[in-house]
Amino acid sequence: MRIVLLGAPGSGKGTQGEMLAAHYDVPRLSTGDVLRDAVREGKTLGRRARAAMDAGQLVDDALVVGIIEARLADPDAADGFVLDGFPRNVAQARALERLLAYRKRPPIDLAVHLDVPIRDAVQRLIARGLETGRADDNEATIRKRLIVYMKETHPLFDYYQAEDKLITLNGAGTVTGIFGAMVQAIESHRANEAVG
Ligand code: B4P
C-alpha cells in the first residue's frame, strides 16, 4: 500500500499516519520528523532547513526530495509506505513519481486528505506548542504555515483528483473514529479499483 497523507498543519497527519502505517504494516515516512531530528542533532540538513521551518515556510524542495529519495531506497519501503508531510507542492509530487518510476516501483495508490476546519487545526497546534514547546507551534507561525498550505499544497487536490486517487475525509472527531472512517474509505476505493 502506497499512501500519501494530505492536510493542513494540525489536521492529524502525524497521528493518523502512525496508525495507518501500523495497520498496513508499512513504514511511515515523515519529512517533518526527519527535519526536526536533523535540527536537534545539529546536522547540516538541519542547519539548512531551520530558518524556513521557524518561519513557517516550506523547506527547499531539493532537500526534502533528497530525504524521501534516501528513505525510499531502504528495503522496508519496497512494498509500501505512508508518506506524512510529503509531497507539499506539485513539484514534490512530480519528483515522487519520478523517484518511484526510477526504482521500478508502482506509483502511489491513494492520496488521503484529512479535512479539518482551520479553527480546530489552530487550536490543536497551539495546544501542542504549549505541551511540547515545538518551535513552529506558536500562533504567528501557525498562521503563516496555513497560508503556505493554501497556496502551495491545495493544488495537490486537483493533481490527485485528476488521477482518481483522492479521498477526502472529515478530520474532525475522535482519533479512533477518524481512523475507522479512513480505513473504510481506503478499502472501498481498493474494492472499486479491483472491480473497475
Ligand atoms: P510537519 O511536521 O509535517 O508538521 P504539520 O504539518 O504541523 O503536521 P503534524 O503531522 O505535525 O501535525 P498533526 O496534524 O499530526 O512539518 C513541519 C515543517 O517542516 C513545515 O512547516 C515545513 O517547514 C517543513 N516541512 C515538512 N515537510 C516538508 C516538505 N515536504 N516540503 C517542504 N517543507 C517541509 O497533529 C497536530 C496536533 O493535533 C497534535 O498535537 C495531535 O495530537 C493533535 N490531533 C491529531 N488528531 C486529533 C484529533 N482528531 N482531535 C484532536 N487533536 C488531534
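Numbers for the structure displayed
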quantity	calculated
Net charge of neighbours whose Cβ lies under 11 Å from the Cβ of E163, counting Lys and Arg as +1 and Asp and Glu as -1	-3
Kyte-Doolittle at least -1.0, axis length at least 27 Å by Cα - qualifying DSSP helices, the chain	175-195
Surrounding net charge for H189, when Lys and Arg each add one and Asp and Glu each subtract one, Cβ distance under 10 Å	-2
Rounded to the nearest 10 Å², the accessible area of F179 at probe 1.4 Å	40
Relative contact order computed over the chain (Cα-Cα under 8 Å; 6+ residues apart), in percent	31
GluC sites (Glu not before Pro) within segment 1-84, DSSP loop, no more than 16 other Cβ atoms inside 10 Å	E41
Local electrostatic count at A38 - Lys and Arg +1, Asp and Glu -1, tallied over other residues with Cβ under 12 Å	+3
Segment 8-120, Cα convex hull volume normalised per residue, Å³	117
For the chain, the fraction of alpha-carbon pairs in successive 5 Å shells from zero, as %	1, 7, 16, 21, 22, 18, 10, 4, 1, 0, 0
Residues whose placed amide H lies under 5 Å from that of H113, excluding near-sequence neighbours	L6, I167, T168, L169
Area of E187 that stays accessible when all protein chains are in place (1.4 Å probe, Å², to 10)	70
15 Å cut-off, amide nitrogen to a point 7 angstrom out along A181 Cα→Cβ, residues in segment 136-172	167-172
Segment 45-97: radius of gyration over Cα atoms, expressed as a fraction of 2.2 N^0.38 Å	1.20
Assigned charges on the beta-carbon of Lys, Arg, Asp, Glu; the chain dipole about Cα centre (debye)	540
5 angstrom amide H check on F81, placed H, neighbours 5+ away	R2, I3
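The values are calculated or read from the model by the stated rules, or taken from the named source; none is laboratory data. Predicted model, so just to flag it, every value in this text is computed and none were measured. Here the Cβ is made from the backbone with ideal geometry for all residues, glycine too, and neighbour counts use every protein chain on show. Only protein heavy atoms, including side chains, enter the accessible area calculation; ligands, DNA and RNA are left aside. Shrake-Rupley method; radii C 1.70, N 1.55, O 1.52, S 1.80 Å.
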